[in-house]
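Accompanying notes for the structure given below.
Coordinate-derived values only; no laboratory data. Fair warning: this is a prediction, and the values are worked out from it, not measured in the lab. All Cβ positions, even for glycine, are placed from backbone atoms using ideal geometry, and neighbour counts span all protein chains on display.
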Amino acid sequence: MNYRRIELSKKQKIELAPFLVRINKKVKPLCVICFAASTKTIDAQNPLPFPASEQSGIYGVLIITAKKANRQYVQKLANSTAGYSRIVAIAHNWEYVKGKLQEKNFFFMVAMQGGFILSGSLDKPICESLSVNELHLRAQINFDYHIDYAIRFSEAASLCQLEDHEGSCLYLLYQAVLQACFTLIWVYAFYEPDFDNLDTLLNFCYSLEPRLEKYLPRDKSVDSSYFDALTGIYRHIHFNNDFEVIGRDVEFLANITDLFCEKVIYFCHERIDAYKELVIL
């Protein structure tokens with residue numbers, strides 16, 4: 001299976017430069033690879049061998065380190081230097097990456113073979129290519145497994161809403177969105193996120209499927225209301241922070257969540273069908 005290689009424009013390189021300087025100074029990685037890139041004015045570049053959609057200002061970057069990487073610290077560096085763009089920073093040590101390549105992990109295979117090297121270099125281990133049959137099968141299995149969690153959390157939230165258990169409803173809505181994000185990332189990138197930061201997960205999803213962003217936009221007033229509610233209840237339950245549930249428009253939040261999950265299902269089916277067409281070809 002052949003991968004489309006990502007090429008960055010001069011403007012994109014300039015946008016990534018502050019982050020690259022800081023990450024090289026603070027983390028000293030072996031290699032930094034851009035695996036997803038887009039701007040508001042050009043088509044997205046996707047290493048998969050079928051047309052990519054238009055994206056807007058989001059970058060996916062894989063940081064490979066010699067020792068165990070602190071992903072949260074790396075993402076914090078990305079957030080503080082991204083400017084007007086958004087950077088999803090994924091950090092792993094080289095031994096972990098080599099193991100995943102030997103396992104024929106599709107995400108790391110695509111990143112290593114189709115990504116744009118921003119800095120550093122590595123002796124890439126020789127590994128077998130993933131067949132399109134395996135690609136389609138894994139996508140379907142990942143989808144079936146993970147979307148089930150999103151649906152169950154959404155259904156449980158509906159029951160809590162009927163019983164006026166607003167706090168429980170909000171928490172379950174948060175979990176539904178989280179699982180929907182996991183589903184799309186699994187199907188599109190075959191990557192298993194080891195974090196549950198909703199902001200980062202959504203940016204990851206939007207870097208893979210930009211059409212999804214309009215159903216939960218990050219630059220509208222609804223976004224602030226939505227995230228204040230869902231992340232607020234999450235912090236309240238996990239960290240015992242003060243959070244006022246009364247007065248939240250739970251029905252409104254539930255409708256946004258349901259629509260988001262519906263679109264994740266639609267786009268994942270579309271992507272799985274695209275994999276299937278590759279198998280047929």
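Calculate, in nm to one decimal, what residue 72 and residue 195 gain on full extension: separation in residues at 0.36 nm each, minus their alpha carbon distance. Numbers along the way, then the final one.
On the way: separation 123, 0.36 × 123 = 44.28 nm, distance 0.85 nm.
Taking 0.36 nm per residue and subtracting the Cα distance, the gain is 43.4 nm.
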Point-to-point label distance, residue 22-residue 9, nm (Cα→Cβ direction, 7 Å offset): 2.4 nm
Label-to-label distance, nm, for residues given as residue 165 and residue 121 (7 Å Cα→Cβ offset): 5.9 nm
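For a protection proxy built on the mean count of beta-carbon atoms within 10 angstrom, sort 258-267, 179-188 highest first, please.
Ranking the peptides 258-267, 179-188 by packing returns 179-188, 258-267.
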Among the listed pairs 25/68; 26/68; 26/98; 67/100, those beyond 19 Å (Cα-Cα): 26/98
Spacing of the two label points (7 Å from each Cα toward its C-beta) at residue 252 and residue 102, in nm: 5.4 nm
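Hey, can you rank 132-138, 72-78 by average C-beta count inside 10 Å, highest first? Walk me through the numbers on the way to the answer.
Values: 132-138: 16.4, 72-78: 18.3.
Going by the mean number of other Cβ atoms within 10 Å, highest first, we get 72-78, 132-138.
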